[in-house]
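The values are calculated or read from the model by the stated rules, or taken from the named source; none is laboratory data. Please read all numbers here as calculations on a predicted model, not as lab measurements. With ideal geometry, Cβ positions are generated from the backbone for all residues, glycine too; neighbour counts draw on all protein chains shown.
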Amino acid sequence: MDFLNTLLIGITAGSIYSLMAISMVLVWRSTRVVNFAQAGMALLSTYFGFEAVTRLGSFWIALPVAMVGGALVAALVEMILIRLLVKHSSSGPIAGVAPIIATLGLLGVIRASTSMIWGGQDVRIVGPVSNDGYTINGTTLVFSPLKLLILLTVLVLMLILSLVFQKTNIGLALRASAYSPEIARLSGIKVDWVRTLGWALAGAAGAVAGMFQTVNGNGTLSPDSIEFSLLLVSGFIAAVIGGLDSLIGAVIGGLVLGLMISFVLMYISSGLFFIAPFVILLLVLFIRPQGIFGAKAARRA
Amino acid sequence: MHKKQSRDLLLFILGGVVLYFLSGMVDELRVYQGASIAVYVIAISSIILLTGYSGQVSLGHGALMAVGAYAAAVARIELQAPIILCFAIAVLAAAIGGALLGAAAARLSGPYLAGTTLALAIGLPSLANQFSVLGGEQGLLFDVGFPPLSLGEEFTQYKWFFWIAALAALISMWAVKNILSSRYGRTWRAIRGNEVAAQLSGINIARSKILAFTISAGIAGLAGALLSMTIGTVSPSAFPLALSFSLLTGAVLSGITTLGGAMIGAVVLVAIPEVADAVANRIGSSERVTTNLPGFLVSALLILTVLFVPNGPVEQHRARKAKKKNYLS
């Protein structure tokens, strides 16, 4: 029973990490920036969701509110910060580190501002269904209706996203701009706007990850909570395991990471909460420095 | 070259003398802040060496500082080692950690490296809870002892801290400056400029990168031990992720390739909490604004610097002057 519990917890957590990793990959593909502020943006959108829940009372209205809020914030960040960054700091010794530093700064700004606005009070988001585990043959599982719902929603979102990418013109434009901005521009794609769109999609995906991470945890929301540090690290690690460039890779990376963390905590030690993802990351990078699904040549960005 | 070096040495000694007299004239709080500035100068110079010269990013220097601090504290408690030896052990332990991390880092680049070191910064301090010898969440005491009596009765504990930290800062700045102008420094700059060209001219890329990480980590370890000296304890909470970010901010504010600018970044980092306090008091805001204002200011400053003065104030000034000169002639 322990084994089944661990497996199911790992898959649920992993699906949330997958969403986070997808948003990192979307940003990386559109602007070649690893957005360390992604978890911060997810945090901010989750607060939007919290405001919606308290005002309107329904989780299912709050989720789209958080997504739209997250998308708007991300689009604004791309239009202001990233475009300025490309303009001002794309040469000299700082060029390689400028995007990293700028997004870290953004993370700090978002953390501090959310603490100023919502900090110090008990902020709770109640999930749409119960988080009490199912009972089978008299034993209670950790797996609950809420966790099932999270899995299903993540699955549906991924399906929609892959349909958008494979079957629509917008998806084609997104893929073309990621593959070669120059050629995309020559064939009449407005690459700048496609980039903004990529960020907006990432913001929406991050918002869902933030909302689910909160209700899947103990329901409380705080800028300094472990849940969001974990989202920050895991989203990145899952994306890197998958190769940063591949959406499928991000999904698999997230699931692998969720499962491995879950099993390490269960069978080795629960004190390894933060060090386990790090060890997993190092292992993967030692075997394949470009991630499992990454392009052959090592990236130099 | 020789002449320039002895002139630099003279400048460093002169700086030490000025600091000595200054420390006698200001009150205790300022002396304490002076010690903090010295610690930050050391830590920032380690980032400048790594990021500005060898072109590698580390968001995990807070963790390397923790390694140094714990090593020093354990040496002090378990072996009753003299202070100087404690600091040497701190440097050594962090350098070994840095060599391991550097071996991983040499295979990675750009965002991969940044993320790996980020995960380290979050993960490593929590590891202290796993071993009882490291004292768990409470941490360890790190006591460098009272100042020697020969310095007089008036000589306070903080002044003693300041002396140790300032001396360490002068020595390590001196060392870093020399390393950067040695052939290793040139090798790193060559790699940062163009890795393929550097390799073609016979530079062993991986070895140079690992060396840069090792040296930088050793210096960070020294800064960590000094930091815990001024606090008096070593605990996981003294080395939060925010510390690693502050160091990066300090380095960017100083100018990522301007070693001499390390002072600017360090002063700003120490001054920001005070400025934030003053601002918060002036506008009479609530407690949660006051506690978060320093973090907000550090991060906002970081973004603004990267956007508008990407190479640091010193470099910017130099570039403007050069441009003006070209224009005139």
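Here is a yes/no grid of residues against (1) in contact with a Lys or Arg (Cβ under 6 Å, 6 or more places away or on another chain); (2) part of a helix (DSSP H, G or I); (3) free of Cβ contacts under 8 Å to residues at least 60 places away in the same chain:
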| position | (1), (2), (3) |
| --- | --- |
| A:Leu104 | no, yes, no |
| A:Thr114 | no, yes, no |
| A:Ser130 | no, no, yes |
| A:Leu148 | no, yes, yes |
| A:Leu172 | no, yes, yes |
**Message:** Against the condition in contact (Cβ under 8 Å) with a residue 12 or more places away in the chain and within 14 Å of another protein chain (Cβ to nearest Cβ), how does B:Gly62 come out, does it pass?
**Reply:** yes
**Item:** Some residue of segment B:59-72 being among the hydroxyl-bearing types (Ser, Thr, Tyr) and under 26 Å from B:Ala190 (Cα atoms)
**Value:** no
**Message:** Against the condition away from every other protein chain (no Cβ under 13 Å) and of a type in the set (Phe, Trp, Tyr), how does B:Tyr70 come out, does it pass?
**Reply:** yes
**Message:** Return the residues of segment B:101-124 that are closer than 17 Å to A:Ile280 by Cβ and facing another protein chain (nearest Cβ under 9 Å); say none if nothing qualifies.
**Reply:** B:Ala104, B:Arg107, B:Leu108, B:Tyr112, B:Gly115, B:Thr116, B:Leu118, B:Ala119, B:Leu120, B:Ile122, B:Gly123, B:Leu124
**Prompt:** Quick one: which of A:Val126, A:Val156 is more than 13 Å from chain B (Cβ to nearest Cβ) and in a loop (DSSP other than H, G, I, E, B)?
**Reply:** A:Val126
**Residue tally, condition without any contact (Cβ under 8 Å) to a residue 24 or more places away in the chain and either more than 21 Å from the chain's Cα centre (by Cα) or at the interface with chain A (Cβ under 7 Å from one of its Cβ atoms) (or both), over segment B:290-303** = 7
**Asked** When you go through (1) surrounded by fewer than 19 Cβ atoms within 10 Å (Cβ to Cβ); (2) more than 14 Å from chain A (Cβ to nearest Cβ); (3) at pLDDT below 85; (4) out of contact with any strand residue (DSSP E or B) (no Cβ under 7 Å at 6 or more places or on another chain) one by one for B:Asn204, which number turns out not to apply?
**Response** (3)
**Prompt:** Given (1) in contact (Cβ under 8 Å) with a residue 60 or more places away in the chain; (2) buried (at least 24 other Cβ atoms within 10 Å of the Cβ), where does B:Gly135 come up short, assuming only one miss?
**Reply:** (2)
**Asked** surrounded by 20 or more Cβ atoms within 10 Å (Cβ to Cβ) and under 30 Å from B:Pro148 (Cα atoms): does that describe B:Ala75?
**Response** yes
**Asked** Can you tell me how many residues in segment A:99-114 are more than 7 Å from chain B (Cβ to nearest Cβ), within 17 Å of the chain's Cα centre (by Cα) and surrounded by fewer than 24 Cβ atoms within 10 Å (Cβ to Cβ)?
**Response** 2
**Out of B:Tyr40, B:Tyr112, sole residue that is within 19 Å of the chain's Cα centre (by Cα) and either crowded, with 24+ Cβ neighbours inside 10 Å or not basic (Lys, Arg) (or both)** = B:Tyr40
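Yes/no matrix, rows are residues, columns are (1) closer than 20 Å to B:Ala169 by Cα; (2) within 10 Å of another protein chain (Cβ to nearest Cβ); (3) crowded, with 19+ Cβ neighbours inside 10 Å:
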{"position": "B:Phe245", "(1), (2), (3)": "no, yes, yes"}
{"position": "B:Gly250", "(1), (2), (3)": "yes, no, yes"}
{"position": "B:Ala262", "(1), (2), (3)": "yes, no, yes"}
{"position": "B:Gly265", "(1), (2), (3)": "yes, no, yes"}
{"position": "B:Ile272", "(1), (2), (3)": "no, no, yes"}
{"position": "B:Asp277", "(1), (2), (3)": "no, no, no"}
{"position": "B:Ala280", "(1), (2), (3)": "no, no, no"}
{"position": "B:Ile283", "(1), (2), (3)": "no, no, no"}
{"position": "B:Glu287", "(1), (2), (3)": "no, yes, no"}
